[in-house]
Amino acid sequence: MSTEVYTEQELQGEELLDEALVTQAIIPNDEMRKQILEYLRDEADKAVSELSGRAEKWSKWRRQREARPETLEKSDPWPGASNVSVPLAAINTNAAAAKLINMFGSKEPFWTIVNDDRTIPEAADAATKVFEFLVDSPTHLNLHTINQQALYECASLGTLPVKVAWVTEQYMYKDSSSTPGGSTVKNQAGQAVSPTTGDGSSEQRVKVRHDGPALIAIPNEDFLTRPHWPDLQKAPWIAHVVHKYWHEIQQLATQMIYFPEALEEIENKFRSDSTDLEEDVSSRTATEVLEQKIWDIHEFHVYWDVDEDGIQEDLILTVHLESGTFLRERFNDLGVRPYEMLSYMPVFNQLYGIGVGHMCEGMQDEVDAMHNMRIDGAKIGALRMFAVKRNSPLRPSEKMYPGKLLFVDNPQEDIVPIQSGEVYGSSLQAEMVAKQYAERYTGMGDYQTGFEDSSIGSRATVGGTMFLAQQGGKMFGPIGKGLEQSYSRIGMLVLFIVVKYRVRFQKDLDRFDEETRQGFMQILQMNVDEIPTKFRFRVETTEQDKSEEAVRQQLLTLVGLYTTYMEKIVQLGMMMDNPQLQQAPNALSAALNAFTGASRMMEKILHGFDIHDVENYLPDYKMTEALEAQMSQMMGGANAQSAIPRPVRGPVQGGPGSPGGAGAVGGMGPAGSPTS
């Protein structure tokens, strides 16, 4: 939504503070609240401990994908030794992320909403238009910008948790001199006054920066659960750790999203040191994190029987674990936890997938070691040492430089250069072998990154290059399909959130035409549990082995096929409406069969061209199929009657000696009576 300004009185009267946002105490007593707190603290500590090893891996993979050495300076084998990090993981990560971003960034619309039962197709078309706006709007989902970071992180680390939520960002400020239009109001004395009160007092105003659905990419370190729970929907608990400043907490309490009385309990319970993730960022950016005030707040989804009816409900509890304070309590009335794990290469029965960082880790260590050894060897080999006699005037502190004169009695014996190092050619070969291992593991060969194959060189042909590039690109087929399914589920979660906050979302419908508004209003009037039975989200990515020119050529081919199909279908339709054809059941049955068969074939062709809304292009041949089945039954009955044997006397038409030739045992005469 666009930035809007309200007075405090206007805000209280608006639906901006509706019941969907205002927190309410759902835990019946302090004793149960204490039990829940102890359970969550214990579980969160276990999760942090279990994920500590993986967190170290995440930090290492982030460092390797940026080609940063492990330390700023090496002291082994000597101080100042070569400390270069070869961009092996960086090249592969950039290539994989670029492919994913291109796959999901060039499709319009991003989400296609389909009405499965076809009862309200106009609502699905309207939802597709509305969601296209949400995807592109920087003040709504802003999906393409978020995907730049999310897909890069997913490709590198293998997994990225994302969350769909209704986010309201607003802040209050004092305004005593400006009208909403920007002009200044002054009294008779020339002093600036409030545009509404008329005196010198300040007026409280609220600026709404964001009020709508949002897709939040969560750093892996800030998403907690037990790693052996692969299903987020069934897990006993999951948590999102958010880091907030004090003014943010105050704003949320003012909006009644947090309990206002809880602020006093947490005000002095802040964190001043840095987390491992913050330390990682500071080392990567060559900055230092000094003393700060941050409040770490956990948003838990936890199953707990709060009403003691024997059924555990999914609760959403916002807790400040440091002080043991509950800031927000509510039931999860969506029926689903609004989280999705984006996985680059999923692993069966595991929460975390495999990414390029895992694939390249070992090869990156090997290449770095071989590369630095070769540089150190070249340095030692180029800097000669000298052996001199004990009584030589040369001392260990003697500085050597070109053009220096050395006075010795016998140069060939008094000073002898010594070569202490050597560069082995096999080290470069070993480095290239490790590079090939990494490329084959990740599928990011030279052709995939836009370079010529170093082993073939200039002998590569155009056809061979295109074939190898297409074969290598096929590895991304399963990866893309898996992420398509994740984004389809994310689209469904966004629709859940929009329907839940329908009152707040209606103001965004004013930007659409009347048909779109009416169509989408049909969805807003539904219950959340009705949506999965009515609608399906489809995400179609762009094939990597198809250039824009190839896509245009395919569309031209499809237009030709479609034009020919429609011409034949129109002709068949006119034939089937012909009264004379209706008197010929065999011909009519053949026409019906051709109509349905051609339509089925064209449907498969459209699917092959990644066009799935075939109902917008093909006639409805379901009625034709039913009529064809009816005709077959009728013709089957008629054939059964004509097959009854009849007595035959004498030669028949078509028998021996007749003009029809030889062969029949019996038949009917020209008048339809038995021949005699």
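The values are calculated or read from the model by the stated rules, or taken from the named source; none is laboratory data. From a predicted model like this one, the values you see are computed outputs, not experimental measurements. Surface areas here come from the heavy atoms of the whole protein model, side chains and all, with no ligands, DNA or RNA. Shrake-Rupley method; radii C 1.70, N 1.55, O 1.52, S 1.80 Å.
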Just to confirm my numbers, what's the Cα centroid distance between the range 239-257 and the range 72-118 in Å?
32 Å
Enumerate lysine pairs in the range 256-401 that are 8 or more residues apart or on different chains, then count those whose Cα atoms are under 28 Å apart.
4
Accessible area in the full protein assembly, largest first, 1.4 Å probe, for Leu394, Leu555:
Leu555, Leu394
Would you list which lysines come within 23 Å of Lys129, measuring only between C-alpha atoms, while excluding same-chain residues fewer than 8 positions from it?
Lys107, Lys163, Lys500, Lys507, Lys534
Residue-level accessible surface for Val281, protein heavy atoms, 1.4 Å, Å²:
60 Å²
Carbon/sulfur accessible area of the range 27-81, % of total, 1.4 Å probe, equals 48 percent
Could you derive backbone 3J(HN,Hα) for the range 596-604 from the dihedral phi with the Karplus parameters 6.51, -1.76 and 1.60 (θ = phi - 60°), listing whole Hz in sequence and x where the residue is Gly or Pro?
5, x, 5, 5, 5, 5, 5, 5, 5
